[in-house]
Amino acid sequence: MPIKSERLEVRVDAATKARIEDAAARLDQSASVFVIHAATAEADRVLARAEATVMPADQFDALLTALDMPDEAPALTRLAQRDRRYRRT
């Protein structure tokens, strides 16, 4: 287990504190352990959602179809056909 060297403090109202302490006691945990577990679980959930894009299968299929369709971009075509200023050797 990593050494706990950092401190995180929060302010709550009396009702919230009592609710957290009651829930922690029902799990036979300290309020600190309860809050750490709850905050870590929520952080994991938020980070997992941020790392993945979730969409319905039909929307995903439509996205792939749209990406596979060629897009005419005349300005880019003209630019790509110009002589290059620099060449790699």
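The values are calculated or read from the model by the stated rules, or taken from the named source; none is laboratory data. Quick caveat, the model's predicted, so the values are computed rather than measured. Glycine gets a Cβ as well: all are built from the backbone with ideal geometry, and neighbour counts include every protein chain shown.
Of note:
- In region 26-39, the condition of being loosely packed, with under 10 Cβ neighbours inside 10 Å and modelled with pLDDT under 90 is met by no residue.
- Scanning region 1-25 for residues that are modelled with pLDDT of 95 or more and either surrounded by 10 or more Cβ atoms within 10 Å (Cβ to Cβ) or polar (S, T, N, Q) (or both) returns 12, 16, 17, 18, 19, 20, 21, 22, 23, 24, 25.
- Exactly one residue out of 71, 61 is more than 30 Å from residue 9 (Cβ to Cβ), out of contact with any Lys or Arg (no Cβ under 7 Å at 6 or more places or on another chain) and surrounded by 10 or more Cβ atoms within 10 Å (Cβ to Cβ), and it is 61.
- Residue check for residue 67: within 30 Å of residue 24 (Cβ to Cβ), at pLDDT 90 or above and either touching a Ser or Thr at 6+ places or on another chain (Cβ under 9 Å) or of a type outside the set (Phe, Trp, Tyr) (or both): no
- Test result for residue 16, polar (S, T, N, Q), free of Cβ contacts under 8 Å to residues at least 24 places away in the same chain and not in a loop (DSSP other than H, G, I, E, B): yes
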